[in-house]
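Heads up, the thing below is written out as structure tokens.
The values are calculated or read from the model by the stated rules, or taken from the named source; none is laboratory data. Model, not experiment: these values are computed from the prediction. Ideal geometry is used to build each Cβ from the backbone, glycine not excepted, and the neighbour counts take in all protein chains shown.
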Amino acid sequence: MNELKNPGATEKRTLVEEGTTFKGSLTSTCPILVKGTINGDLEAPSLTVAATGSVSGKVKAGELKSEGELSGEFDVDKVVLSGSVKDNTVIRAKALEVKLSVTGSKMQVVFGEVQLDIGDMPSREKAEPVKTAENGKSVPPPAESA
Amino acid sequence: MAELTPDAVVSKVKRGEKIDRADLSGIILSNAVLEGASFRRCDMVGANLEGARLRNANLKSANLCEAFLSGADLRDANLDNADLEGANLQKTLLTGANLSRANLEGANLQGANLAGARLSHAQLDLANLGGADCTGAVLTHADLGECYLGGVKMMKGELTNANLSDSNLEDADFTEAVLADAQLRSVKARGLKLVGAILTKVDLTKANLSGADLTNADLRNATLTDAKLEGANLTGAKVFGILAKGAVFTGIKADWLDNSPNGDGSVRVVANQILAVLSGQVPARPADDRSANRRYFGRGDVLRNASLQFDEGATVEIESLFEQCTIALGRGTELIVGSDGVLHGCQITGAGNITINGKFFDKPEGKKNPAGIVGAHQLVVTASGALVGAVQQAPELTRFAFEPGCQLRMKISTASGVDASTRSKNDSRNDGTNKSAKR
């Protein structure tokens, strides 16, 4: 693990370079960029997992951006996901962003057996019933202007 | 030759006298204090007004051809119908100035501040506005043909019916500008920002918009014939009715497009449909095409214990309350749960494309129920959407999209016997990447 200054930015961040495997607990006050592998617990203001990177374990972070492979338990404020999320993974966050891929059949993100707890618990309030339609019978859509 | 000396002009201004219709051609009034002065219809051809303080001055219909006004303070000045052809207005302060119908042909306005200025029907062809600040300026019906507008700040500018053909707009910022019915033929606009701009019926024939940011721009009924949009960002752009024959869309970025006639987001185009819609391979009116196979469940309706089946190609929109219903979708069927739609204790099966803007709750936990959504080809939960329940992916895996703001209590599982990681690696290989090899 190296403490490097990112050449493209003024901000310092912790870099786990490709080919590096880190096992154990890692706490950092600066953002972490993972191009290699982390197995263990991790706490940081932000975590970026590159396409070559993977993180497995318990993670607490302000922001998580991943294009790599995730597994374990993630407690974060904001998540931007692509790449893959492995089986038995739990992601708890205030906000999640996953985009649909534009290019061909490529999946933006591949989910295994995953639990997502995102945002507040949705209320189960129901729509105000006004009238009952017959089962299965449809009504015309609202008029559309040409 | 000026009929008044510079000192006489300054004295008259100090006394509050008007200097209307005077011959002041070639006069040197650099750095003079002339605030609020009245120079209506004056002949000021070639005058030197560098750094002059002309705030609130009245220069209506004045002839300022070839005048030197660099660094002058013309804030809130009245230059209505003034002739400024070839004038030097570099770094001039023109905030709030009235330049309606002014002739600025070939004028140099580089770095000028025109924020909030009025330039309706102004003649600006061949002018240089490089790096100028035109935030909130009004340029309706203005002629900006062959103008240099590189790096100009035109945020929230009003340019309805303006002509910008053959102009250079590279790296300019037109965020939220209104360009409805404007002419932008053959513009050089690499890296142009048009985020949220109104471009309805705009003519962008042969425009170079490579790398431009058109996020959420309204391009309905725009003409993009032979335009270049390589690497442009079109996410959320409204594209209903565009004409784009011969346009180049290589490498565009677009998570989704809005192809609804009213630009209300009711017809979303996603993923592999995007290029087809832009290039005209798919008719630009999918709503109409599907109208014969469209089902709409309106607000206030309640359906209970119903079993519904929708065949391939149908579009189903639900703004109602569904309770304990089973919905089977054919391949490619679009199911949209509208922002007022609520599905309680329901199950959706089949390889359809599901978009949830409202709420979906599957059956309560603890009853060993199957997943609420089974085998969907695509599942999108938008910013206003909520999903509580289990989702069993299709055998070929489900495509997911979640917008920030969505609420989820969701368990995703794979179809029995399918290993998502294996599938992921196969997908990567098929896409020509070596992701799996790296691992």
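For the stretch B:118-134, give me the residue count where each residue is in contact with a Gly (Cβ under 7 Å, 6 or more places away or on another chain) and under 15 Å from B:Leu93 (Cβ atoms).
Final tally of qualifying residues: 3.
Here are B:Ala47, B:Ala87, B:Ala22: which of them is closer than 17 Å to B:Ala112 by Cα, buried (at least 19 other Cβ atoms within 10 Å of the Cβ), in contact with a Leu (Cβ under 7 Å, 6 or more places away or on another chain) and not hydroxyl-bearing (Ser, Thr, Tyr)?
Details: B:Ala47 fails: closer than 17 Å to B:Ala112 by Cα; B:Ala22 fails: closer than 17 Å to B:Ala112 by Cα.
Matching residue, one of B:Ala47, B:Ala87, B:Ala22: B:Ala87.
Assuming A:Cys30 fulfils every condition listed in (1) over 23 Å from A:Lys94 (Cβ atoms); (2) surrounded by fewer than 17 Cβ atoms within 10 Å (Cβ to Cβ); (3) not aromatic (Phe, Trp, Tyr) apart from one, which condition is it?
With respect to (1) over 23 Å from A:Lys94 (Cβ atoms); (2) surrounded by fewer than 17 Cβ atoms within 10 Å (Cβ to Cβ); (3) not aromatic (Phe, Trp, Tyr), A:Cys30 is out only on (1).
When you look at B:Gly265, is it part of a loop (DSSP other than H, G, I, E, B) and either aromatic (Phe, Trp, Tyr) or without any contact (Cβ under 8 Å) to a residue 12 or more places away in the chain (or both), yes or no? Reasoning before the result, please.
Details: part of a loop (DSSP other than H, G, I, E, B): yes; either aromatic (Phe, Trp, Tyr) or without any contact (Cβ under 8 Å) to a residue 12 or more places away in the chain (or both): yes.
When the stated conditions are applied, B:Gly265 passes them.
Hey, can you tell me all the residues within the stretch B:1-42 that are in a strand (DSSP E or B) and of a type outside the set (Gly, Ala, Ser)?
Kept after step one, since they are in a strand (DSSP E or B), are these residues of the stretch B:1-42: B:23, B:28, B:33, B:38.
Of everything in the stretch B:1-42, those that are in a strand (DSSP E or B) and of a type outside the set (Gly, Ala, Ser) turn out to be B:Asp23, B:Ile28, B:Val33.
Would you check if there is a residue in the stretch B:126-143 being within 16 Å of B:Asp203 (Cα to Cα), assigned to a loop (DSSP other than H, G, I, E, B) and not hydrophobic (A, V, I, L, M, F, W, C)?
Yes, the stretch B:126-143 contains a residue that is within 16 Å of B:Asp203 (Cα to Cα), assigned to a loop (DSSP other than H, G, I, E, B) and not hydrophobic (A, V, I, L, M, F, W, C).
Would you mention how many residues in the stretch B:301-327 are among the acidic types (Asp, Glu) and buried (at least 21 other Cβ atoms within 10 Å of the Cβ)?
Result for the stretch B:301-327: 3.
How many residues are modelled with pLDDT of 90 or more and more than 7 Å from chain B (Cβ to nearest Cβ) when one looks only at the stretch A:88-111?
The number of residues fulfilling the criteria is 7.
Those residues that are surrounded by fewer than 24 Cβ atoms within 10 Å (Cβ to Cβ), more than 7 Å from chain A (Cβ to nearest Cβ) and part of a strand (DSSP E or B), I need them from the stretch B:388-405; list them, please.
B:Gly389, B:Ala390, B:Gln392
State all residues of the stretch B:159-177 that are under 16 Å from the mean Cα position of the chain (by Cα), buried (at least 22 other Cβ atoms within 10 Å of the Cβ) and over 19 Å from B:Gly211 (Cα atoms); if no residue qualifies, say none.
B:Leu159
For the stretch A:113-127, give me each residue that is modelled with pLDDT under 70 and within 7 Å of chain B (Cβ to nearest Cβ).
Of the residues in the stretch A:113-127, the ones modelled with pLDDT under 70 are A:125-127.
Scanning the stretch A:113-127 gives A:Lys126, A:Ala127.
Report yes if B:Lys359 is of a type in the set (Lys, Arg) and either buried (at least 19 other Cβ atoms within 10 Å of the Cβ) or in contact (Cβ under 8 Å) with a residue 40 or more places away in the chain (or both), otherwise no.
Yes, satisfied.
Could you list, in sequence order, the residues of the stretch B:372-387 that are within 12 Å of chain A (Cβ to nearest Cβ), without any contact (Cβ under 8 Å) to a residue 60 or more places away in the chain and more than 24 Å from the chain's Cα centre (by Cα)?
B:His377, B:Leu379, B:Gly385, B:Ala386, B:Leu387 - these are the residues of the stretch B:372-387 that are within 12 Å of chain A (Cβ to nearest Cβ), without any contact (Cβ under 8 Å) to a residue 60 or more places away in the chain and more than 24 Å from the chain's Cα centre (by Cα).
In the stretch A:8-61, which residue that is among the polar types (S, T, N, Q) and not in a strand (DSSP E or B) is nearest to A:Gln108 (Cα to Cα)?
A:Thr52
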